[in-house]
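Trainee: Could you have a look at this structure, given as structure tokens, before my questions?
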Amino acid sequence: MAERLNSEHLDDLIALMRGDGYRVIGPTIRDEAIVYDELRSAADLPWGFTDQQGPGRYRLQRRPDRAAFGYVVGPHSWKRFLFPPREQLVRIRRGSDSPQWTAATDDGPGLALLGVRACELAAIAIQDRVFMGGPFVDGRYRVRRERCLIIAVNCTEAGELCFCDSMDTGPEVQGDYDLRMTELGTELVLDAGSARGRELLERLPSRPAEDSVADRAQAAIERCRRSMGRRLDTRDLPARLMGNLDHPRYQDVADRCLACGNCTSVCPTCFCFTISDTSGVTDGEAGRERSWDSCFGAEHSTIHGAQFRPDVRSRYQQWLTHKLATWTAQFGTSGCVGCGRCIAWCPVGIDLTVEASTIAAGAGDPVPLPPVQSYAPRAGDGLVPVPARVLEVHRETHDVVNLVLQAPAGYAPEHGQFNMLSLPAIGDVPMSISGSGDGVLEHTLRSVGNATRALAGLREGAVVGLRGPFGKPWPLEQAVGRHLVLIAGGIGLAPLRSAVRETVQRPKDFPNVRILYGTRSPDDIIYDRELLGWIQASHLRAHVTVDRGDRSWSGNIGVVTKLMRRKHTPRSGLYFLCGPEIMMRYALAELDRLGIPAEHIYLSLERNMKCAVGICGRCQYGPHFVCKDGPVFRYDQIASIFGKVGF
Amino acid sequence: MDSSNPVHARRPRLGVFKLASCDGCQLTLLDCEDELLAVAQAVDIVHFPEASSSLMPEGPFDVVLVEGSLSTSEQLEQLHRIRKNARALVTIGACATAGGIQALRNFADHAEFARAVYARPDMLPILAKSTPVAEHVSVDFELRGCPIDKRQLIELIAAMLVGRAPVIPNESVCMECKRRGAVCVVVTKNQACLGPVTHAGCGAICPAFARGCYGCFGPRERPNTRALAQHMRAQGLTGREIARSFRLFTAYAPEFREESERHES
């Protein structure tokens, strides 16, 4: 039942929550805007103020009345409290012999969020799915969410940039709140949405609201619904956007867009973050922290120095299509709640509703997105490494080593999965598992950056940090009784190696295995002795080619596609590809020419995996996360975006 | 350079040099009060004229910090000597990375300036332009700013000691501005702000004090200066005002230079 409360008793509400040990966060005026910050009393509320907004424009203004919630939304969202801009994830104890990684916990007080709008509550629910929807649950986020008290407020006035009605997120508060308010003149109409909310309401000097008062509150919300400043036609929007990736409007936006990242920072749902190891000048403590990142920045899309979203056009496309299209395949809802912040706080006023409508209205045929995936929950933090000792180090080539590690107890990876390997204060890198079994696991790595150089320099007895195994494996069991063709380029043989070993051990199941392997030079061939051993196995054939031969080389010269002859590539076979993307592009074109159906081809991809548990957003690949939906993909599932700039 | 084993690890040898500059950036090292002792223990400071009278300018160095731009022929010779003796060369500050405030003369007739100031301008070994270090020798890392940021300097040294890449992202000042929760002065006050096109690192000091960014850290990666300038014009700034806003501490950085030249007339 609804209750009514004089607005001046907001002070009692704040005092009650503070008395219960909550840190109360709510709207207050700072720097000529209504921001969210700690409230000590109701005097901190923006009584009698409103916000006047337009694209790239925000002005604080006086209202004729003394409304406490007479504004729309400001530059802050609640995400800065539930998912702070910078946060320690892991505490690291350095020391050469036995480094330790332990989860950093959030021991702060519970938060009471006062004045949460309907669109904002929807945004919190969206971030809940990101951080707690699996396979792993973000422990710090969960603690904050479970402790958090939500005092929501219905909107009775819409702003110039509001379009929650289009996104079906407002203006009426729905979902998971403790208390819900509607401000009517100098009064609040309240109802509780939880036991905690009811208990709070009972302690306030409220009285039951007559039906007429409740009706007036509902009418004010409906008036607000009719006065939305913006609209967005969401019918089939994801498919229409995905069907118009080549729309010329993207270049037009890119000419105006500063790629500053403000839209992503003010967005209440954008969740991308980066992870870095930190250390001081002296020895001892180190840490691993995350901080808000943006798909408009360079590092977001950089691996090994190459950028796969090299220009503003592709970065804006990533943002827009993620927010309004691919998000639905990742999490089952749109990533946009219609709050309008990205329009107001874009310094040059780029309007998402205008750009999305224009692009979605393009001539391209709609391209449906894959259905939303669900993930089996996995125990543990996922972000905290466990120590693993290096048992052996084998040098494969001048810049490639094979590390044999002691596997943690109960560790059972599948062929094609990957681990995150780290050294304290240096950071972690994704690394495919090149062998496992008998209590050990192997990683074959090329020294390319700081982290891999440090890993490649390890000696026996050293300890690395290990997270994993992550990702989808090669579908080896599908190959039973069929021709299996493995096409590898360079170090790309490593993620295939444990699968090859299994086929060698089970010759009856895998009677026809063929390896087509290309490297830069004879000196770059990895596992050379093992390759010879494999060839001894009568059912397995290996063909090797090099880009550049030398005097001792009497084998094939040229790219790997030269090995893809008709007799090596039966139409019924199953194909596993791994190597540089350019090599896989050519190999795929050749397989297509040979008439191999796309559903028979699997390939292993690499993107900017940082968290490896599907929450940092850095390895997004269209609707997929490489870390949890890949790295092994069936080709037909990514064919529409494979090789396209921007993905 | 693993410092975790002090018995066997050799401390990296550090040199600090200056070219045409105000000394403000190397003073940032002395300004690291809390960390200075730890730095002095972790690295072997073998040449640092600002701080010590025992000097070894010939090194050899594991890493040198070079402040200042190339403004005279002597400095050019000095720079080549420094490069030869250093494994890693890090430029610090707007002068070393972009030519500095003294590069403003690059936009004018410097010979005329010299005639106006000096009785015998022909005695000056002055180069035609004030230029950044990277125009002359290879540079391993750049620390931006006028002056550089103390936290970034410490991060660079800490990262070097363990062998990781320093966490010094090439992103816009807006990212730092938003992380610290500052309110955008462009959107609320129509102020001119170079934040969207400027390399982060200062922590968004000016916007946090309600003033637009001056661009001290120079252009970020792929800065869309043209779009920002168009916006400034739409907000009522004149071409001259736009040119001047790009022509401050990092005026000679290519992207800012080109943008200012577009609005000169």
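The values are calculated or read from the model by the stated rules, or taken from the named source; none is laboratory data. What you are looking at is a predicted structure, and each value in this text was computed from that prediction instead of being measured. Neighbour counts run over all protein chains shown; Cβ positions are idealised from the backbone, glycine included.
Trainee: Do you know which residues across the stretch A:544-576 are within 41 Å of the chain's Cα centre (by Cα) and of a type in the set (Gly, Ala, Ser)?
Mentor: A:Gly558, A:Ser572, A:Gly573, listed by residue number.
Trainee: If we scan the stretch A:223-236, do we find a residue that is assigned to a strand (DSSP E or B), under 34 Å from the mean Cα position of the chain (by Cα) and modelled with pLDDT of 95 or more?
Mentor: Scanning the stretch A:223-236, I find no residue that is assigned to a strand (DSSP E or B), under 34 Å from the mean Cα position of the chain (by Cα) and modelled with pLDDT of 95 or more, so the answer is no.
Let's see how each residue does on (1) in contact (Cβ under 8 Å) with a residue 24 or more places away in the chain; (2) at positive phi; (3) surrounded by fewer than 21 Cβ atoms within 10 Å (Cβ to Cβ):
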position	(1), (2), (3)
A:Val480	yes, no, yes
A:Val485	yes, no, no
A:Asp524	yes, no, yes
A:Arg529	no, no, yes
A:Ala542	yes, no, yes
A:Val546	yes, no, no
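Trainee: Would a scan of the stretch A:181-200 turn up a residue that is more than 14 Å from chain B (Cβ to nearest Cβ), surrounded by fewer than 23 Cβ atoms within 10 Å (Cβ to Cβ), assigned to a loop (DSSP other than H, G, I, E, B) and among the charged types (D, E, K, R)?
Mentor: No, the stretch A:181-200 contains no residue that is more than 14 Å from chain B (Cβ to nearest Cβ), surrounded by fewer than 23 Cβ atoms within 10 Å (Cβ to Cβ), assigned to a loop (DSSP other than H, G, I, E, B) and among the charged types (D, E, K, R).
Trainee: Would you say B:Val162 is within 13 Å of chain A (Cβ to nearest Cβ), touching a residue at least 12 places away in the same chain (Cβ under 8 Å) and crowded, with 21+ Cβ neighbours inside 10 Å?
Mentor: Judged against the criteria, B:Val162 is a match.
Trainee: For the stretch B:16-32, give me each residue that is in contact with a Pro (Cβ under 7 Å, 6 or more places away or on another chain) and among the hydroxyl-bearing types (Ser, Thr, Tyr).
Mentor: Within the stretch B:16-32, B:Thr28 is the sole residue that qualifies.
Trainee: Could you give every pair whose Cβ atoms fall below 6 Å, whose first residue belongs to the stretch B:32-61 and is surrounded by fewer than 16 Cβ atoms within 10 Å (Cβ to Cβ), and whose second residue is of a type in the set (D, E, K, R), counting only separations of at least 6 or pairs across chains?
Mentor: B:Asp44/B:Arg11; B:Asp44/B:Arg13
Trainee: Right, another one. Run B:Gly195 past the list (1) of a type in the set (Gly, Ala, Ser); (2) facing chain A (nearest Cβ under 8 Å); (3) closer than 10 Å to B:His263 by Cβ and report the number of the one that doesn't hold.
Mentor: (3)
Trainee: Same structure, new question: Go over the candidates A:Tyr621, A:Tyr586 one by one and state the one that is of a type in the set (Ser, Thr, Tyr) and under 17 Å from the mean Cα position of the chain (by Cα).
Mentor: A:Tyr621
Trainee: Return the residue satisfying two criteria in turn: it lies in the stretch A:19-46 and is part of a loop (DSSP other than H, G, I, E, B) and facing chain B (nearest Cβ under 10 Å), and of such residues it is surrounded by the most Cβ atoms within 10 Å (Cβ to Cβ).
Mentor: A:Asp31
Trainee: Next question. Show me the strands (runs of 3 or more DSSP E) found entirely inside the stretch A:532-629 where at least 2 residues are under 30 Å from A:Ser374 (Cβ atoms).
Mentor: A:574-578, A:601-604
Trainee: Next up: Of all residues in the stretch A:270-301, which are part of a helix (DSSP H, G or I) and at the interface with chain B (Cβ under 7 Å from one of its Cβ atoms)?
Mentor: Answer for the stretch A:270-301, where residues must be part of a helix (DSSP H, G or I) and at the interface with chain B (Cβ under 7 Å from one of its Cβ atoms): just A:Glu299.
Trainee: Identify the single condition in (1) more than 12 Å from chain A (Cβ to nearest Cβ); (2) within 24 Å of A:Thr302 (Cβ to Cβ); (3) touching a His at 6+ places or on another chain (Cβ under 7 Å) that B:Leu143 does not satisfy, given that it satisfies every other one.
Mentor: (3)
Trainee: Criterion first (surrounded by fewer than 22 Cβ atoms within 10 Å (Cβ to Cβ), within 14 Å of another protein chain (Cβ to nearest Cβ), among the aliphatic types (A, V, I, L, M) and part of a helix (DSSP H, G or I)) does A:Ala219 satisfy it?
Mentor: no
Trainee: Sticking with this structure for a sec: Which ones in the stretch B:102-159 are surrounded by 15 or more Cβ atoms within 10 Å (Cβ to Cβ) and of a type in the set (S, T, N, Q)?
Mentor: Within the stretch B:102-159, B:Gln102, B:Asn106, B:Ser130, B:Thr131, B:Gln152 qualify.
Trainee: Additional query: From A:Asp428, A:Asp438, which residue is of a type outside the set (Gly, Ala, Ser) and either closer than 30 Å to A:Asp236 by Cα or more than 14 Å from chain B (Cβ to nearest Cβ) (or both)?
Mentor: Criteria check complete, one pass: A:Asp438.
Trainee: Ok, one more. Take the residues of the stretch A:64-83 that are of a type in the set (Gly, Ala, Ser) and more than 10 Å from chain B (Cβ to nearest Cβ): which is surrounded by the most Cβ atoms within 10 Å (Cβ to Cβ)?
Mentor: This residue is A:Ser77.
Trainee: Which members of the stretch A:473-526 meet the condition of being in a loop (DSSP other than H, G, I, E, B) and more than 21 Å from A:Arg548 (Cβ to Cβ)?
Mentor: Selection gives A:Pro473, A:Trp474, A:Pro475, A:Val480, A:Gly481, A:Arg482, A:Arg506, A:Pro507, A:Lys508, A:Asp509, A:Phe510, A:Pro511.
Trainee: Which residue, of A:Leu16, A:Leu10, is crowded, with 20+ Cβ neighbours inside 10 Å, more than 14 Å from every other protein chain (Cβ to nearest Cβ) and at pLDDT 95 or above?
Mentor: Only one candidate passes the filter, namely A:Leu10.
Trainee: Would it be correct to say that B:Arg120 is without any contact (Cβ under 8 Å) to a residue 12 or more places away in the chain, of a type outside the set (Phe, Trp, Tyr) and within 14 Å of chain A (Cβ to nearest Cβ)?
Mentor: It is false that B:Arg120 is without any contact (Cβ under 8 Å) to a residue 12 or more places away in the chain, of a type outside the set (Phe, Trp, Tyr) and within 14 Å of chain A (Cβ to nearest Cβ).
Trainee: Still on this model: Is it true that some residue in the stretch A:146-161 is among the aliphatic types (A, V, I, L, M), part of a helix (DSSP H, G or I), out of contact with any strand residue (DSSP E or B) (no Cβ under 7 Å at 6 or more places or on another chain) and buried (at least 17 other Cβ atoms within 10 Å of the Cβ)?
Mentor: no
Trainee: Moving on. Please name all residue pairs, on different chains or six or more residues apart, with Cβ atoms under 9 Å, provided the first residue is in the stretch A:84-95 and is in contact (Cβ under 8 Å) with a residue 40 or more places away in the chain and more than 9 Å from chain B (Cβ to nearest Cβ) and the second residue is surrounded by fewer than 16 Cβ atoms within 10 Å (Cβ to Cβ) and part of a loop (DSSP other than H, G, I, E, B).
Mentor: Once the first residue is in contact (Cβ under 8 Å) with a residue 40 or more places away in the chain and more than 9 Å from chain B (Cβ to nearest Cβ) and sits in the stretch A:84-95, its partners that are surrounded by fewer than 16 Cβ atoms within 10 Å (Cβ to Cβ) and part of a loop (DSSP other than H, G, I, E, B) give A:Glu87/A:Asp106; A:Arg93/A:Gly284.
Trainee: Take the residues in the stretch A:47-63 that are buried (at least 21 other Cβ atoms within 10 Å of the Cβ) and within 10 Å of A:Glu32 (Cα to Cα), then tell me which one is nearest to the other protein chains (Cβ to nearest Cβ).
Mentor: Among them, the one singled out is A:Tyr58.
Trainee: Limited to the stretch A:457-485, what total is found for residues that are among the aliphatic types (A, V, I, L, M) and more than 30 Å from the chain's Cα centre (by Cα)?
Mentor: The qualifying residues number 6.
Trainee: Only one of (1) of a type in the set (Phe, Trp, Tyr); (2) closer than 20 Å to A:Val429 by Cα; (3) crowded, with 24+ Cβ neighbours inside 10 Å fails for A:Trp345. Which number is that?
Mentor: Only one criterion is unmet by A:Trp345, namely (2).
Trainee: State all residues of the stretch B:209-251 that are outside any loop (DSSP other than H, G, I, E, B) and either under 21 Å from the mean Cα position of the chain (by Cα) or at the interface with chain A (Cβ under 9 Å from one of its Cβ atoms) (or both); if no residue qualifies, say none.
Mentor: Listed by number, the residues that qualify are B:Pro219, B:Thr225, B:Arg226, B:Ala227, B:Leu228, B:Gln230, B:His231, B:Ala234, B:Ala243, B:Arg244, B:Ser245, B:Phe246.
Trainee: Given the condition more than 29 Å from B:Ala165 (Cβ to Cβ), more than 9 Å from chain B (Cβ to nearest Cβ), surrounded by 23 or more Cβ atoms within 10 Å (Cβ to Cβ) and in contact (Cβ under 8 Å) with a residue 60 or more places away in the chain, answer yes or no: does some residue in the stretch A:260-268 qualify?
Mentor: Yes, that holds for at least one residue.
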